[in-house]
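Trainee: Please find one structure pasted underneath; my questions will follow.
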Amino acid sequence: EAKRGGRSRACAYSNALAEEIETRRILFNEINAALEGDQFEPYFQPQVYTETGEIYGCEVLARWRHPERGIVPPATFIAAAEEAGMIHQIDQIMVEKGLDALEVFREMGVHVPAISVNASPPTLRDPHLTDRLLQAVRARHLPPSVLTVEVLESTLIENDDDMALLTIENLSKAGFSVVLDDFGTGYASMSNLSRLRLDGIKLDQSLVLPVPEPRADSIISALVTLSSNLNMRVVAEGVETPAHFKTVRRLGCDVVQGFGIGRPMPKEAFIQWYNTYGAQQIRTG
Ligand code: C2E
Ligand code: MG
Ligand code: MG
Ligand code: MG
């Protein structure tokens, strides 16, 4: 009896595994086709200075314009693209299309000083990343300072990952900004903060969404102090409400990003957002 139960359970597991493998195979082929069909597009989310309300820059976030499923969010394809060894291609496309948009913004009188792009751990392990990014900015006669690379804390704790650490140093030396994304999501490694010269941290939305609340506020306040002692900028993510905004401004965060300021948008919508932003006065709530 027990034996049979065990066998059917094992059978159910192997069916589930086969299904999982099949799902992945399909996703792999689809991502490949999406790359060939140029279906990855950048969305732009504004980032503004808390004190002046001026535009600090925008984060470039990947979207997959699927022929049947419409706009597919990154949660659906980033991990799969990483496992399939294709994430560096998506990351590079976001750099190229992001920089192209920066030129369009300038032509339209939309003043965006810089863009931030996300770099997955496999992307950071590519020894040619710095060169590829330098080529991308030089081809457009832009200085490296227009590009910020967002890296995840998880990249840094995989400490065998000397390659990624080296790349981060090289990016810095080449004049790109490097910031630690999703700061506070579980890996906060202080030794990495002292070893690496980072330009800033991005407080994860899980730290920001609970404010104003005494304990949440204290944590942000402490991280702001730490960052300013290390000469790093603090960007607060997940700023959704005027109360979030007022609190993180009072606590000393330099820059805010969140649905309360603006959602990730295609570049045309971003230009519209820019042109109406002054009138909206979201920042003063
Ligand atoms: P992330 O880099 O931390 O990007 C911020 C995410 O938070 C975005 O989700 C954004 O839409 C969302 N967000 C922004 N403001 C708010 C807010 O006020 N409230 C809430 N609840 N959420 C907010 P998105 O675009 O779905 O991207 C998810 C993640 O996928 C990104 O997190 C990043 O880790 C990854 N990702 C996106 N694009 C790329 C890419 O081109 N390359 C790589 N390697 N990863 C990417
Ligand atoms: Mg990011
Ligand atoms: Mg983040
Ligand atoms: Mg994130």
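The values are calculated or read from the model by the stated rules, or taken from the named source; none is laboratory data. In this text, all values refer to a predicted model and were calculated from it rather than measured experimentally. Here the Cβ positions follow ideal geometry from the backbone for every residue, glycine too, while neighbour counts run over all protein chains shown.
Trainee: If you check 41, 82, 59, 22, which single one turns out to be assigned to a helix (DSSP H, G or I) and surrounded by 11 or more Cβ atoms within 10 Å (Cβ to Cβ)?
Mentor: 82
Trainee: To continue, here is another question. Can you tell me which residue is nearest to residue 24 (Cα to Cα) among those in segment 60-71 that are modelled with pLDDT of 95 or more, touching a helix residue (DSSP H, G or I) at 6+ places or on another chain (Cβ under 9 Å) and more than 6 Å from ligand 1 (Cβ to nearest atom)?
Mentor: The extreme case among them is 64.
Trainee: Considering (1) modelled with pLDDT of 95 or more; (2) outside any helix (DSSP H, G or I); (3) hydrophobic (A, V, I, L, M, F, W, C); (4) out of contact with any Ser or Thr (no Cβ under 6 Å at 6 or more places or on another chain), say which one residue 234 fails and leave the rest.
Mentor: In the conditions (1) modelled with pLDDT of 95 or more; (2) outside any helix (DSSP H, G or I); (3) hydrophobic (A, V, I, L, M, F, W, C); (4) out of contact with any Ser or Thr (no Cβ under 6 Å at 6 or more places or on another chain), residue 234 misses (4) alone.
Trainee: Same structure, new question: Any idea which of 228, 218, 194 is part of a helix (DSSP H, G or I), at pLDDT below 95 and away from ligand 2 (no atom under 16 Å from the Cβ)?
Mentor: 194
Trainee: On to the next question. Only one of (1) more than 16 Å from ligand 3 (Cβ to nearest atom); (2) closer than 30 Å to residue 104 by Cα is not met by residue 182, so which one is it?
Mentor: Condition not satisfied by residue 182: (1).
Trainee: I need the full set of residues from segment 172-187 which are surrounded by fewer than 17 Cβ atoms within 10 Å (Cβ to Cβ) and either small (Gly, Ala, Ser) or within 16 Å of ligand 4 (Cβ to nearest atom) (or both), in order please.
Mentor: Of everything in segment 172-187, those that are surrounded by fewer than 17 Cβ atoms within 10 Å (Cβ to Cβ) and either small (Gly, Ala, Ser) or within 16 Å of ligand 4 (Cβ to nearest atom) (or both) turn out to be 174, 175, 185, 186, 187.
Trainee: Still on this structure: Restricted to segment 188-219, and to residues that are under 19 Å from residue 260 (Cα atoms) and away from ligand 1 (no atom under 16 Å from the Cβ), which residue is surrounded by the most Cβ atoms within 10 Å (Cβ to Cβ)?
Mentor: Going through the qualifying residues, I end up with 217.
Trainee: Give me the pairs: first residue in segment 75-87 and among the hydroxyl-bearing types (Ser, Thr, Tyr), second residue crowded, with 17+ Cβ neighbours inside 10 Å, beta-carbon distance under 8 Å, and six or more apart or on different chains, which are they?
Mentor: 76/64
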